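A quick write-up on the structure given underneath.
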Amino acid sequence: MIGVALRFPSGRFHATPWGRHVNEGAPEWPPSPWRFLRCLVATWKRKLDDQITQQQAQDILTQLLEPPVFRLPHASTGHARYFMPWFKTGPEARTLVFDAFVALPPQAEMAIVWPTAQLSQHQQDQLSLLLAHLNYFGRAESWCDARLLNEAETESAFLQANCKPLNAQPLPPGWELVRVLCADPALALDNSAFSKTVHRKVRGKLIPKTERTAPMYDPDWHLCAETLWLRQERWSDPPGSRWVQYIRRRDCFQIDPSPKRLISRPRPQVVRFVLDSAVLPRATETLPIADAARRTLMRLFGRLFPNPDGSKGRSPLFSGKDSHGRPLTGHLHAYYLPTDEDQDGLLDHLTIFAQEGFGPQELKALDAFRKLYIPEREESGHPLRLLWLGSGRLPDYATGPLRPAARWISATPFVAPRYPKPRGTKRDPPELLRSPLLFLEAVVREELLRLIQRRPDLAHIRPETIQVAPCTDQHGVFRIPQRTGKLGLRPIQFKRFRKKPTDDGGRRPAGAFQIVFPEPIFGPICLGHSCHFGLGLFMPLDD
């Protein structure tokens, strides 16, 4: 008794039964022994012709010509559709092709057992060598791992066989018939069909004469007959083959549903886009672009997920407000960060970051986020489109303003979240009231203290170890540093008013600073007023 185990790492077995068209969508199951024997011959001739002689291969195949039994794993059926070139009607023509396949678990093994086969140890070693070089079985996409079963495994597979020849027995209940193409032991390794009978005329009489031409194949067996020759000779079935009625379980393609395991995956925190337009916005338009991104996403979310009463849905993560319209605290909602990452003065990327991560509904809205609706750009004929770059967790997607660094420098103006306090119990010292630069530096340190308090990964950093230095020119005027060496923009050149009547960002003190932490930390570093809209953004300086 000889047994062979086959495993399909891709989880698919692609093969069309003999005599069926591929577009019928009928996969071959079980695999025909005729196909398996041809696959062994092809493997031997292509890879092991110098190690196994023809006589040795013939002796092995002779033992495998009888119809085997199968132990089929649980499987299901499926198909893919392709539009293939159809040159008969033109070079650009396409025809629809259905690629049917049997889907099964990649780790599942199918066993083929020949109950009457007997091989010596040397022949078993040679068969194992053939199976080890078998890369695919069926069509080329049916990747295959094959091995020879030991005696105990073969016996177990034979007892568990669930597909076997009917052998003129009554059909058991719960089973069905299936035609399987097998080898004919008397003719599979013969070559009689390759001979031709011609007629020569002698004194007015036709005398039949059998001619034998040069061998058509190597080896010259019916098992090696090609499809092209079969069609030319009008063979309906390959010579040396025969049809055998097998029985298999009616529910062989029925999969019992297994309980789903809920896998807890961390929610993505970062989504990155590239801005695309014939005219990109200037860096001074950071706040309007971020505000437009928020409004567009809120509109998309409201349309995709309406409330039960028909009103538009609202995402607190996008809006930064609860269901009653009250602003959220803790800075856990989304940051909209347009950035100029090639330092040409034009915004080219948009990073949306949320510390608590985006849920399935927010991700669906972000997936539909393909264009920023800005009336001015629509009227000018230069719409601003977006291309999704990727999403992920902060440590896995650290790039642009999220990259870890120790030195950070202003990319947009830092706008003070409060005004100077000349009176009251919490009034500012006189030196801060007299110097806008010192006042802004003190407010930056206040914001850094709040940043440390709300980020657990920074809890070990002491505020006094952080260095803060203003970025000014020779006249003491704040300038946004430029890596290109050009004179940086002044904070007053940036748009600092949002499209809401109560916003007063343009009247608040603003400046530019460099911050040095005692160790590299992850971004984003966004501080001050309108920090969720790109103002107060710091970019990493460490390479």
Checked against the positive end of the charge dipole of the chain (+1 on Cβ of Lys and Arg, -1 on Cβ of Asp and Glu, about the Cα centre), the farthest of Ala406, Ala75, Gly488 is Gly488
Dividing the helical contributions, -39500 (n - 2.57) per DSSP H run of n ≥ 4, by the residues of the chain yields a 222 nm value, nearest 500 deg cm²/dmol, of -6000 deg cm²/dmol
Note: Arg303 to Tyr82 extended length (0.36 nm per residue) minus current alpha-carbon separation gives 76.1 nm
Output ordering of 379-388, 102-111 (per-residue mean of other Cβ within 10 Å, highest first) is 102-111, 379-388
Restricting to aspartates and glutamates and to Cα separations under 12 Å from Lys371, and discarding same-chain partners fewer than 8 apart, the set is Asp276
Quick calc, Arg450 & Ser264: beta-carbon distance into FRET formula, R0 35 Å, rounding 0.05, result 0.70
Using alpha-carbon positions, the gyration tensor of the stretch 32-118 gives root eigenvalues a ≥ b ≥ c; with a/c under 1.5 called rounded, otherwise prolate if a/b exceeds b/c, else oblate, the class is oblate
Carbon/sulfur accessible area of the stretch 137-178, % of total, 1.4 Å probe, equals 57
Stretched fully, the stretch from Ser192 through Ala469 gains (0.36 nm per residue minus C-alpha distance, one decimal, in nm) 90.2 nm
Within the chain, cysteines having no neighbouring cysteine beta carbon under 4.7 Å are Cys39, Cys144, Cys163, Cys182, Cys224, Cys252, Cys471
Computed for the chain: size of charge dipole around the Cα centre, +1 on C-beta of each Lys and Arg, -1 on C-beta of each Asp and Glu, debye to nearest 20, value 1940
Note to self: C-alpha centroids of the stretch 342-404 and the stretch 1-42 sit apart, in Å, by 48
Loop-resident trypsin sites (Lys or Arg not before Pro) in the stretch 16-123 with no more than 10 other Cβ atoms inside 10 Å, DSSP not H/G/I/E/B, are Lys88
Per DSSP, the loop-located GluC sites (Glu not before Pro) within the stretch 5-102 having at most 14 other beta carbons within 10 Å are Glu92
Two pseudo-spin positions, 7 Å from Cα along C-beta at Glu341 and at Gln124, lie apart in nanometres by 6.0
For the table Lys321/Lys426; Lys312/Lys500; Lys321/Lys495; Lys321/Lys500; Lys364/Lys495; Lys312/Lys495, the rows whose alpha-carbon distance is greater than 26 Å are Lys321/Lys426; Lys364/Lys495; Lys312/Lys495
In whole percent, the fraction of accessible protein surface over the stretch 1-112 that belongs to carbon or sulfur atoms, probe radius 1.4 Å, stands at 52
Placing each pseudo-label 7 Å from Cα in the direction of the beta carbon, Arg418 and Asp237 end up separated by a distance in nanometres of 9.3
If the chain between Gln55 and Phe98 were fully extended at 0.36 nm per residue, the gain over the current Cα-Cα distance would be 11.4 nm
Rounded to whole angstrom, the alpha-carbon centroid of the stretch 295-335 lies from that of the stretch 515-532 at a distance of 26
The answer for GluC sites (Glu not before Pro) in the stretch 122-200 that fall in a DSSP coil and have at most 15 neighbouring Cβ atoms within 10 Å is Glu141
Computed Rg/Rh for the chain (Cα atoms; Rh = Kirkwood radius) stands at 1.23
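The values are calculated or read from the model by the stated rules, or taken from the named source; none is laboratory data. All of these numbers come straight from a predicted model, not from anything done at the bench. Note that each Cβ is placed from the backbone with ideal geometry, even for glycine, and that neighbours are counted across all protein chains shown. These area figures cover heavy atoms from the full protein model, side chains too; ligands, DNA and RNA do not enter into them. Shrake-Rupley method; radii C 1.70, N 1.55, O 1.52, S 1.80 Å.
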